[in-house]
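Readers should treat all values here as calculations from the given coordinates under stated rules, not as data from a laboratory. Just so it is clear, the structure is predicted and the values come from calculations on it, not from any experiment. Positions of Cβ are backbone-derived with ideal geometry, glycine not excepted, and every protein chain shown enters the neighbour counts.
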Ligand SMILES: [Cu+2]
């Protein structure tokens, strides 16, 4: 039953206005050992560029459950949602080894004007680091924890495998990630720029 309560608290932190939590709890209890909840949630992250030129994912960190979907929505500026993965222009691997990488390409603000969106379903537990291609050097990065953070690539120090010759994460971006502990504790963590609003 403890497992059930843990899952419920995680989901309550990660989503707002969610219904049927009891159903999720009962379904989880009925399938002990199955990490996939019966009802998946969709969590929204905004893509923002302020008139002053600050760019960020809002929120920058979220804790979700396996099977949940993250939906990034274009609000202002132009951005991509790109996994830290060697298949994306030889960037450092910072998502679970067995997870599929993704790259949204750049979502333009004016076609359509607002609310262009990109979705990705997260099935493998672990830590996922990602960035915006136009603004990585401005520190526009995000981190998603799916279920148990585990000990995969996203939990390792930056530049953990110099022998691979991957592109390393820029210093400004390294400093912009919320910590895994903070994400797990709070469920949702604003980025440094968004937190000032
Ligand atoms: Cu951007």
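Apply the Debye scattering formula to region 40-195, with a single equal point scatterer on each alpha-carbon and no solvent, then give log10 I(q)/I(0) at q = 0.14, 0.16 Å⁻¹. So the normalised log intensities work out to -0.62, -0.82. Of all DSSP-defined beta bridges confined to region 40-195, some 65% are antiparallel rather than parallel.
In this rough spin-label picture, where each label sits 7 Å from Cα along the Cβ direction, the residue 89-residue 167 distance is 0.4 nm.
Residue order for 165, 94, 71, 174, fewest other beta carbons within 10 angstrom first, comes to 165, 71, 174, 94. By other beta-carbon atoms within 10 Å, ranking 47, 108, 93, 190 with the fewest at the front produces 108, 190, 93, 47. The stretch between residue 185 and residue 123, if pulled fully straight at 0.36 nm per residue, gains 20.2 nm over its current Cα-Cα span. By the count of neighbouring beta-carbon atoms within 10 Å, fewest first, 129, 148, 181 end up ordered 181, 148, 129. Each residue of region 52-102 gets 112 Å³ once the volume of the Cα convex hull is shared out per residue.
Summary value for region 40-195: 29 percent relative contact order, contacts being C-alpha pairs under 8 angstrom separated by 6+ residues.
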